[in-house]
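Read through the structure below, which is laid out as structure tokens, and then see the notes.
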Amino acid sequence: MLEPVPEAPPSPRSRLDQLDEAADAAWGRVFRGHEAADRLFYLASELGDFSVIWLILAGIEGIRSEEDADAALRLGVLLLGESILVNQGIKRLVRRPRPVADHEHPHHVRLPRTSSFPSGHASSALAAAGMLSHRRPKAAPLYYGLAAVVATSRVHVKVHHASDVLAGAAIGVAYAQVVRRLWPVPPR
């Protein structure tokens, strides 16, 4: 009698896919299809495109003084560097397919053609929050809360897997820390 061949353990990629599917399903049950959540997350996703929300915040802060204007300009330059690192560097190396949307989008969402991994919205959001919070520590909860909404919006609108967002967030946090060491901006 032949012994049954044991099944090979799932590859790390398929485990990751399973976790992403479970996270997406859980997110969908709680948030998707609720009008207020849909409006919030689609708007956050749109404002996160090209770091628009972070550049607006930097611009508003830059109005206060010449020093604040220099910090705002610096944030724009640093976000450009983050974008090049993530969008022209890491994404080109990984080339992960994006999630398949199994529903119609209730609001407009730009559907990028680049790799899903990592989330550029998450990396720029956490990088910006880190840099802005260094300048204004009392506003850190606001910046990081906004960053969390922008980052998770990408799972909500189904253009990123949850692991893409987590990796992007980690890259953004690390990027902000490196930038603060290499090109420090004095806190306000």
Residues PHE41, PHE50, sorted so that the one with the fewest Cβ neighbours within 10 Å comes first: PHE50, PHE41
Positive-end residue, the range 78-188 charge dipole about Cα centroid, Cβ charges, pick of VAL100, GLN177, VAL150: GLN177
Calculated diffusion of the range 54-97, Stokes-Einstein form, Kirkwood radius summed over Cα pairs, 10 °C and 1.306 mPa s, µm²/s: 137
Mean separation of Cα contacts under 8 Å (6+ apart) over length of the range 63-188, as relative contact order %: 30
Table column - 3J(HN,Hα) (Hz), the range 90-98, Karplus curve with 6.51, -1.76, 1.60, x for Gly and Pro: 4, 4, 5, 7, 8, 6, 7, x, 7
Ordering of 143-149, 175-181, 128-134, 29-35 by burial proxy (mean other Cβ atoms within 10 Å per residue, highest first): 128-134, 143-149, 175-181, 29-35
Under Karplus coefficients 6.51, -1.76 and 1.60, residue-wise ³J(HN,Hα) of the range 132-138 in Hz, glycine/proline x: 5, 5, 5, 6, 10, x, 5
Gyration tensor (alpha-carbon) shape descriptor, the range 134-188, a/c threshold 1.5: oblate
In degrees, nearest ten, helix 140-156 long axis to first principal axis of the chain (Cα): 30
Residues SER65, SER115, SER123 arranged by fewest to most Cβ contacts within 10 Å: SER65, SER115, SER123
Space enclosed by the convex hull of the alpha-carbon atoms of the chain, per residue, Å³: 150
Within the range 86-131: Cβ-based charge dipole about Cα centre, in debye rounded to nearest 20 (Lys, Arg +1; Asp, Glu -1): 300
222 nm mean residue ellipticity, helices alone, for the chain (DSSP H n ≥ 4; -39,500 (n - 2.57); rounded to 500): -21000 deg cm²/dmol
Overall dimensions of the range 82-188 by Cα: Rg and Dmax, Å: 14.6, 47
Dimensionless Rg ratio for the range 48-140, taking C-alpha atoms and the 2.2 N^0.38 Å reference: 1.26
In sequence order, calculated HN-Hα J values of the range 23-39 (Karplus, 6.51, -1.76, 1.60; Hz; x Gly/Pro): 5, 5, 5, 5, 4, x, 5, 8, 10, 5, x, 9, 3, 5, 5, 4, 4
Where labels lie 7 Å past Cα in the beta-carbon direction, separation of ALA174 and ARG136 in nm: 2.9
Trypsin sites (Lys or Arg not before Pro) restricted to DSSP loop in the range 33-139 with at most 13 other C-beta within 10 Å: ARG64, ARG95, ARG110, ARG113
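Read the figures in this text as sums done on the coordinates, not as results from a lab. The structure displayed is predicted, hence computed values, not measured ones. Cβ atoms come from the backbone with ideal geometry, glycine included; neighbour counts cover every protein chain shown.
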